[in-house]
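A.B. asks: Mind looking over this structure? Questions follow.
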Amino acid sequence: MNRPSFHSVMLCALLWGTIILLSGTEMQAATSEASLDLTPLKTWLSSQRSIHSVSADFTQIRAFKTLKSPLTIKGHVWLESPNRFRWQLGEPPKTIIIGNRSETMILHPLKHRAEKRQLSTPGSAFQGQGDPFGMMGLSGGHSFEEFQKQMRVLAIRSVGARCHLEMLPRDPQAMGALSSINLDFDTATGEWRSFEIVTKEGSSILTEFTRVELNSKLPPDLFKYDLSGFTLEDETK
């Protein structure tokens, strides 16, 4: 059985976190793919094979049409191959998202409330917006060829080792709610610099990474949470 490549874990974790914050927005299809030099993308995909974990601080900037000014929040993200991730927003944490390919737990520690979600569950708030792992279409895809089959590159440009990539899933249903997925990365180190979800109606969430640590050993308990005293809403039942 093929294991998910690390870039698919990272993309899916980030996409899942931003889908939660952008759910309910109206989306439209993207423009046609152009003939582009995808060499930097090939280099980056190759570098991801040696990455097994990431720990990074981030600053998230959320812009919505209903807000006069963008909202900024700081947090931390941990990812571990093959499919575990944890988002933590705010200090002390206001929202924690712990997930894998089968389910996601959204925790609100200050309110002692938790939501267990599975995108394939009938009646789910995210039904019809696509499973983030399937949405990226990268489960098990280690090669550039597999990436190309699943993702449509809209634009790519490089300045030195830094590359900016704009893309969308090829599957129309997976693309659903998106105008573009933007990723900035370092082709020399394989590090992620920023990740952005943009919608046609004008909303966006930009996540910029700092203090990135690659391949550090992450404690197993990081991907668990004690729900004692929490009210749990379980969508998976």
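The values are calculated or read from the model by the stated rules, or taken from the named source; none is laboratory data. Just so you know, these numbers come straight off a predicted model, no measurement behind them. Note: ideal-geometry Cβ built from the backbone for every residue, glycine included; neighbour counts use all protein chains shown.
A.B. asks: Can you work out which of the residues in the range 164-191 that are surrounded by 21 or more Cβ atoms within 10 Å (Cβ to Cβ) and closer than 14 Å to residue 40 by Cβ is nearest to the chain's Cα centre (by Cα)?
C.D. replies: Residue satisfying both the conditions and the ranking: 183.
A.B. asks: Six or more apart or on different chains, Cβ under 6 Å: which pairs go from a residue in the range 36-61 that's farther than 21 Å from residue 218 by Cβ to one that's assigned to a loop (DSSP other than H, G, I, E, B)? Could you list them?
C.D. replies: 40/187; 43/187; 44/187; 61/70
A.B. asks: Sticking with this one: I'm trying to understand the selection: among the residues of the range 217-232, which are at pLDDT 90 or above, on the phi < 0 side of the Ramachandran plot and surrounded by fewer than 11 Cβ atoms within 10 Å (Cβ to Cβ)?
C.D. replies: Quick first cut of the range 217-232, residues at pLDDT 90 or above only: 217-219, 221-232.
Next cut, on the phi < 0 side of the Ramachandran plot only: 217-219, 221-228, 230-232.
Those that are at pLDDT 90 or above, on the phi < 0 side of the Ramachandran plot and surrounded by fewer than 11 Cβ atoms within 10 Å (Cβ to Cβ): 217, 219, 221, 226, 228.
A.B. asks: Further, regarding this structure: When the residues of the range 132-152 are narrowed to those that are of a type outside the set (A, V, I, L, M) and surrounded by 19 or more Cβ atoms within 10 Å (Cβ to Cβ), which ends up modelled with the lowest pLDDT?
C.D. replies: Keep residues of the range 132-152 that are of a type outside the set (A, V, I, L, M), which gives 132-134, 137, 139-150, 152.
Then keep just the ones that are surrounded by 19 or more Cβ atoms within 10 Å (Cβ to Cβ); that gives 132-133, 137, 139, 141-142, 147, 150.
Numbers: 132: 39, 133: 38, 137: 34, 139: 37, 141: 44, 142: 57, 147: 81, 150: 79.
The qualifying residue modelled with the lowest pLDDT is 137.
A.B. asks: Here's another thing I want to ask about it. Looking at residue 209, is it touching a strand residue (DSSP E or B) at 6+ places or on another chain (Cβ under 9 Å), part of a strand (DSSP E or B) and at pLDDT below 90?
C.D. replies: no
A.B. asks: Among residues belonging to the range 217-235 that are assigned to a loop (DSSP other than H, G, I, E, B) and touching a residue at least 40 places away in the same chain (Cβ under 8 Å), point out the one that is farthest from residue 82 (Cα to Cα).
C.D. replies: Within the range 217-235, the match that is farthest from residue 82 (Cα to Cα) is 229.
A.B. asks: Can you run down the residue pairs with Cβ atoms below 7 Å, 6 or more apart or on separate chains, where the first is in the range 68-97 and in a loop (DSSP other than H, G, I, E, B) and the partner is surrounded by fewer than 19 Cβ atoms within 10 Å (Cβ to Cβ) and of a type in the set (Lys, Arg)?
C.D. replies: As it stands, the answer is 70/62; 82/3; 83/101; 91/74, since those pairs meet every condition given.
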